[in-house]
Amino acid sequence: MQNKQLPNVHLHKEWDLRVRTWFNQPGRKLRRRRARVAKAAKIAPRPTELLRPAVRCPTLKYNRKVRVGRGFTLEELKAAGISAKYAATVGIAVDYRRRNRSEESLSLNVQRLKAYLAKLIVLPRNVKKRTTEEIEAYKNAVQVQGQVVPVAVEAAPEAPRAVAAEEKKTKAFVTLRQIRGDYKSHGVAQKRKAELKEKKANSVKK
């Protein structure tokens, strides 16, 4: 040591008291499983999960995938003839923030809602108004585990084939860049066209 410095090493740090252990993980796993089973038994014969919409993943990389979303939009519920308050009482998830940006997604989720409503059995609260058919259907109902209406795969993958001559000539990157450039400069281009038209009109008048 330089200048004959006295050592001052801190060795008594009690590191063993600050070690994060995870020995309770198997017990928690069992506790969660038992809670799921108890909840399913309590709400039976209702489904264990809410009905959720089919949505596309964000970003260009993943938007070809269809997955389960958070909740149905107010527009989808209106098209299916359901109110948001009623939907919450019959196991349909509602998302007030999501918006429909295409007709395809709207029609797909409306179909999901209609398929669910066709299978739905709702008993009236008043016992006197319950029919024998409704009571029998309720008794014979089987609880659905997992997704109530599974998200269907839209298109099957194509079989392998030889690349066509026209496809070899096309340049995907250049095409995408061109479209992106046209989209960005659309407003400027329209403005220039309008200005040229105005100039021509003024020159003709003179």
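Considering only protein heavy atoms, what is the solvent-accessible area of LYS114 at a probe of 1.4 Å, reported in Å² to the nearest 10? About 110 Å², rounded to the nearest 10. Of the chain, which part is the longest with no chymotrypsin sites (Phe, Trp or Tyr not before Pro) in a loop (DSSP not H, G, I, E, B) and with at most 14 other C-beta atoms within 10 angstrom? Excluding the exposed sites themselves, the longest stretch runs over 97-206. Figure legend: label point modelled 7 angstrom from the Cα of GLU104 along Cα→Cβ; residues of region 39-81 with amide N under 13 Å from it are 55-57, 63-67.
Ignoring the sites themselves, what is the longest stretch of the chain with no GluC sites (Glu not before Pro) in a DSSP loop and at most 12 other beta-carbon atoms within 10 Å? Segment 15-153 is the longest. For the residue pairs LYS85/LYS119; LYS65/LYS114; LYS42/LYS65, the C-alpha atoms sit more than 25 angstrom apart in LYS42/LYS65. Can you pull the accessible area of SER102 for me, 1.4 Å probe, Å² to the nearest 10? Here the accessible area works out near 50 Å². In the complete set of protein chains, residue-level accessible area for VAL188 is approximately 80 Å², probe 1.4 angstrom.
Cross-link reach is defined here as a Cα-Cα straight distance under 20 Å, omitting same-chain residues fewer than 8 places apart; for LYS128 the lysines meeting it are LYS139. Counting only protein heavy atoms and a 1.4 Å probe, the chain has 91 square angstrom of accessible area per residue.
Helical runs (DSSP H, four residues minimum) scored at -39500 (n - 2.57) apiece and divided by the length of the chain put the mean residue ellipticity at 222 nm at -14500 deg cm²/dmol.
Taking a cut-off of 13 Å between Cα atoms, list the aspartates and glutamates near LYS39, but don't count ones fewer than 8 places away on the same chain. Filter leaves GLU49.
Taking 0.36 nm per residue of separation and subtracting the current Cα-Cα distance, fully stretching the chain between HIS10 and ARG97 would add 25.9 nm.
Look at the dipole of the chain built from charges on Cβ: of THR132, SER102, ILE179, the Cα furthest out on the positive end belongs to ILE179. A straight Cα-to-Cα reach below 16 Å connects LYS200 with the lysines LYS191, residues fewer than 8 places away in its own chain not being considered.
The values are calculated or read from the model by the stated rules, or taken from the named source; none is laboratory data. For clarity, every value in this text was computed on a predicted model and none was experimentally measured. A quick note on method: Cβ atoms are made from the backbone with ideal geometry, for glycine too, and the neighbour counts reach across all protein chains shown. Areas reflect the complete protein model, heavy atoms only, side chains present, ligands, DNA and RNA absent. Shrake-Rupley method; radii C 1.70, N 1.55, O 1.52, S 1.80 Å.
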